[in-house]
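The values are calculated or read from the model by the stated rules, or taken from the named source; none is laboratory data. Fair warning: this is a prediction, and the values are worked out from it, not measured in the lab. A quick note on method: Cβ atoms are made from the backbone with ideal geometry, for glycine too, and the neighbour counts reach across all protein chains shown. Heads up: the accessible areas ignore ligands, DNA and RNA and are worked out on the full protein's heavy atoms, side chains in. Shrake-Rupley method; radii C 1.70, N 1.55, O 1.52, S 1.80 Å.
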Amino acid sequence: GPSPPSHSKHSRHENDGRDSYWRPPWKSRADIISAEDFANRPRVTFSEHFASLHDAMATLTWMTQNEKDGIYQMYCDLMTVMAEKGEDPKKDSWGVLTTNTSHEYIVRVIAQHYNITTSRAAGVIQLQHNEEQLKKDPNFKIRHDLQAFVDGRVRDSHREVYQSYGEKDPMAFAEDPVASAGFLAREDVGSAAVVGASDLVDIDALVKKVKRMERDEASMRIKNHIYVEDVDDRTRKVKVDKEAKRLEKSKKALAGLYDLTKASGDGGEEKDTATIKTKVPPIPEGALPYPDNNVGYQETPKTRRPRWKFAAQIINTHTLENPPGSSQHGKRVAKRTKARRHGRIVDGNTLIEKDGEVRVATVAELEQTSWKHVRNESEFMFKGVKAAWMRRQLEQEVGGWGRQEEIYNEPEVEDESEGEETAENEGEAEGSDDNEK
């Protein structure tokens, strides 16, 4: 559900609730109290419990395995159809490998079809993907019978509860309404100020007008939303500013600083120069950095360990302490700026140094640093199944995504009759030994 409102101006949840798919509309066979009546219910009552599920604004629902299988099957079908309509991912002109699909878009379509939240749809898809991968393990048994038993018992329990209250059974899974979670403020304590309203004001007309405006705004947000495309982050470079570019160029210019130059020819003629690199002193046998007593890295002779990969975020401290167009200066201003920009304004500006080469970092490398972007909740939930889909499309991996065949091997159980015959034979053998003695 939605998180409670934060008092921080730059909270990561500042856009929660503004997304039209954040909470689906209430659709269920069950009858519940309205949000306004629930928010303005009497504070003092003679009972500690609600009189019914209707008054408690509560619903008893359960997502069965059949519904989960339907969600996952719909996901597989939509992803396959979208990939067939796209172009070859290896022939993209903008230099980034992409599958021409969008997991975010597919998950939102599925969530809208089943009238559930996008986070729940993403979680179900990821869990079903994990279950399909477990089917390939011959020693792991998936208990379908146990799941069916649990679904049946939960269904019977919900049916009995609704029959006892004489209310309609929802019969299908439904999300809890927002107001039932307590995130809708009570109207009588919303403000301490007294607001005057004329008798000529038509309250019903104003409410309809506001609802229509909210519906139009939600529709506009859906139309203008830019979905996250499935791209290989290892081929996508982060954005860098002129400071980072200048540092990268300086490293390339100083690459031959320690090279020696040998001149040949007469003084009056043009001299031919030849570059001779400085000699590195030989490393004695059996000494580091050759690992494992000269065996080498991964048992390859005369090879060193791979060097560490260093990542650096380029920050202009002078600009942070003296922001343009601002009258405030100093280290406190820079500290506040860095706190606000973390994961929001900075799109990377990161350089990587490895084996003496300085280059711009990729998005995949940026996400492994402490200044990575703020986590996208839905993208993080289906991270595993999305990675499997990328390997299937870009690396032609087989068996890592989609429906799998269950190959569980039932362990052989020794027959009881055979066990009894073996025990009898052993007993006869022991008796004969005693007689011989």
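Within region 37-80, the set of residues being more than 18 Å from residue 129 (Cβ to Cβ), of a type in the set (A, V, I, L, M, F, W, C) and open to solvent by 50 Å² or more (accessible area, probe 1.4 Å) comprises 44, 46, 50, 51, 60, 62.
Of the numbered criteria (1) at positive phi; (2) of a type outside the set (A, V, I, L, M, F, W, C); (3) in a helix (DSSP H, G or I), the one residue 100 fails is (3).
Looking at region 127-136, can you tell me whether even one residue there is outside any helix (DSSP H, G or I) and within 18 Å of residue 399 (Cα to Cα)?
Scanning region 127-136, I find at least one residue that is outside any helix (DSSP H, G or I) and within 18 Å of residue 399 (Cα to Cα), so the answer is yes.
Does residue 334 satisfy being among the small types (Gly, Ala, Ser), in contact with a helix residue (DSSP H, G or I) (Cβ under 8 Å, 6 or more places away or on another chain), modelled with pLDDT under 75 and in a helix (DSSP H, G or I)? Answer is yes for this residue.
Does residue 358 fit the bill of being part of a strand (DSSP E or B) and either touching a helix residue (DSSP H, G or I) at 6+ places or on another chain (Cβ under 6 Å) or at pLDDT below 85 (or both)? Yes, satisfied. Residue count for region 156-194, restricted to those that are modelled with pLDDT under 90, closer than 22 Å to residue 59 by Cα, open to solvent by 70 Å² or more (accessible area, probe 1.4 Å) and not hydrophobic (A, V, I, L, M, F, W, C): 1. Residues that are modelled with pLDDT under 85, touching an Asp or Glu at 6+ places or on another chain (Cβ under 7 Å) and open to solvent by 100 Å² or more (accessible area, probe 1.4 Å) do occur in region 277-285. Among the residues making up region 125-155, those that are open to solvent by 30 Å² or more (accessible area, probe 1.4 Å) and under 19 Å from the mean Cα position of the chain (by Cα) are 127, 130, 131, 133.
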